1. Within segment 30-51, can one find any residue that is within 16 Å of the chain's Cα centre (by Cα), hydroxyl-bearing (S, T, Y) and within 29 Å of W146 (Cα to Cα)?
2. For C124, only one of the following conditions fails: (1) of a type outside the set (A, V, I, L, M); (2) modelled with pLDDT under 80; (3) open to solvent by less than 60 Å² (accessible area, probe 1.4 Å). What is its number?
3. Here is a check on your reading of the model: is S71 under 30 Å from E130 (Cβ atoms), open to solvent by less than 90 Å² (accessible area, probe 1.4 Å) and of a type in the set (S, T, Y)?
4. Tally time: how many residues in segment 127-145 are open to solvent by 40 Å² or more (accessible area, probe 1.4 Å) and touching a residue at least 40 places away in the same chain (Cβ under 8 Å)?
5. Give segment 1-51 a look and list any residue that's aliphatic (A, V, I, L, M), more than 18 Å from I118 (Cβ to Cβ) and open to solvent by less than 60 Å² (accessible area, probe 1.4 Å), or say none.
6. Mind checking which residues of segment 111-126 are without any contact (Cβ under 8 Å) to a residue 24 or more places away in the chain and over 21 Å from R38 (Cβ atoms)?
7. Regarding segment 9-26, can at least one residue be identified that is assigned to a helix (DSSP H, G or I), touching an Asp or Glu at 6+ places or on another chain (Cβ under 6 Å) and closer than 17 Å to M131 by Cβ?
8. Return the residues of segment 67-99 that are in contact with a Leu (Cβ under 8 Å, 6 or more places away or on another chain) and in contact (Cβ under 8 Å) with a residue 12 or more places away in the chain; say none if nothing qualifies.
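The values are calculated or read from the model by the stated rules, or taken from the named source; none is laboratory data. The structure presented is a predicted model; accordingly, all values stated were derived computationally and were not measured. No Cβ is skipped: glycine too gets one built from the backbone with ideal geometry, and neighbour counts run over all protein chains shown. The accessibility values were calculated without ligands, DNA or RNA, using every heavy atom of the protein model including side chains. Shrake-Rupley method; radii C 1.70, N 1.55, O 1.52, S 1.80 Å.
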Amino acid sequence: LCCCQCVFWCFENCIQFINKNAYIQTAIFGTSFCKSAREAFTLILRNAFRVGTISYVSGAILLVGKFFISSVVTAIGYIAMSEMIADELYNLAGPTVIIFLISYFVSDMFMDVFDMAITTILQCFVADEEMFQGDQCYAEGALQAWIDKNQETK
């Protein structure tokens with residue numbers, strides 16, 4: 001039973017990954033979903049190291065952002081409660097934990113938008129780089145220079 005759950009969890013994550021990138025490809029190129037899924041998969045496969053690296057780094061940054069937002073909101077809530085209603089409550093720990101959980105879920109929803117933006121920009125950049133060469137690329141000069149500089153160091 002545990003092995004089946006693990007296999008289905010992996011399968012579900014793969015389908016979600018393909019689905020997300022297929023929708024991005026559909027939005028960029030206007031192709032059908034199945035063709036977009038195939039194109040997104042092959043685009044990511046051809047640039048696996050770059051996509052993987054940026055995905056892990058952006059995931060870490062988004063996680064730090066979620067905890068930072070939640071911590072700041074929780075601290076502000078704690079200070080506000082201790083100033084206004086501290087004498088009415090037995091302990092501030094319960095409401096503070098609830099504030100943290102709610103702020104984490106809200107920050108998670110907002111950071112998911114940034115995650116989608118990061119993934120979309122990455123796919124646009126990689127597709128632009130593959131479709132056009134040299135000065136024909138639509139990528140901004142500073143972004144192109146940064147990518148080129150970091151590729152030379154590898």
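1. no
2. (2)
3. No; evaluated as a whole, the condition is false for this residue.
4. Result for segment 127-145: 1.
5. Of everything in segment 1-51, just one residue is aliphatic (A, V, I, L, M), more than 18 Å from I118 (Cβ to Cβ) and open to solvent by less than 60 Å² (accessible area, probe 1.4 Å), namely A37.
6. D112, V113, A117, I121
7. Among the residues of segment 9-26, at least one is assigned to a helix (DSSP H, G or I), touching an Asp or Glu at 6+ places or on another chain (Cβ under 6 Å) and closer than 17 Å to M131 by Cβ, which makes the answer yes.
8. Result: Y78, M81, P95.
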